[in-house]
Amino acid sequence: MSGIERVRVVVAAVVVMLSVVALGAQDADTKALQQFRLTTDGLHKMEAVAQALSTTLASDASARKALEDAEDASSDNATLSDMAATFAKIPPVAAAIKAGGMTPREFAMFEMSMLQASMAAAMIKAGAVKSAPAEIAAENVKFVQDHEVEITRLAQQLQSGQQR
């Protein structure tokens, strides 16, 4: 990783970490995310959801537009329930999530937990911190570190599915 890439990772990670801490006002979500554990089974379900979403978004322009509009309209302070409701109210997206074996809430929980743990793992890897903040489950950070290749592939698949 070049010096510039390392700085970008650290800056992005610090912003996310500060956001996590600032979200303390959303105590129920903070507690839910602290208690949620990333698992191999959940990762496999996320991969199935990503595949189903990719197929859906590639073939359904209205679903893609609805998801883009929902993302544009969402607040940085959206709760997990808000995220789940957004996924649930777009029928093709809800169907893709269900086809992967998840509920919209499980999808939102896994996605947010994975994002938080990934940012903490990136900060640790870059040497910016020695361990994750208490707001992020250490077990999830370890899971991300242990499954870096699969999670990178999943993130790329989710991103490419939304960019069609």
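Can you figure out the FRET efficiency of Ala138 with Thr40, using R₀ = 22 Å and their beta-carbon distance, to the nearest 0.05?
Calculated transfer efficiency: 0.80.
Just tell me which aspartates and glutamates come within less than 17 Å, Cα to Cα, of Lys142; anything on the same chain fewer than 8 places away is out.
Result set, ordered by chain and number: Asp41, Glu111, Glu150.
Taking Lys31 as the anchor, which aspartates and glutamates have their alpha carbon closer than 13 Å to its alpha carbon, excluding any fewer than eight residues away along the same chain?
Glu135
Give the aspartates and glutamates whose C-alpha is closer than 13 Å to that of Lys130, dropping any in the same chain fewer than 8 places away, or say none.
In chain and number order, there are no partners.
Greater than 25 Å separation of Cα atoms is the criterion. Which listed pairs, Lys45/Lys125; Lys65/Lys89; Lys98/Lys125, meet it?
Values: Lys45/Lys125 27 Å; Lys65/Lys89 13 Å; Lys98/Lys125 34 Å.
Over 25 Å apart, Cα to Cα: Lys45/Lys125; Lys98/Lys125.
Which value in nm describes the separation of the simple spin-label points at Ala126 and Ala95, placed 7 Å from the Cα toward the beta carbon?
So the label points at Ala126 and Ala95 sit 4.1 nm apart.
Quick check: convex hull over the Cα atoms of the range 24-164, volume per residue in Å³, rounded to an integer?
Value for the range 24-164: 106 Å³ per residue.
Readers should treat all values here as calculations from the given coordinates under stated rules, not as data from a laboratory. Bear in mind the structure is a predicted one, so any value in this text is a computation, not a measurement. Backbone-built Cβ (ideal geometry, glycine too); neighbour counts: all protein chains shown.
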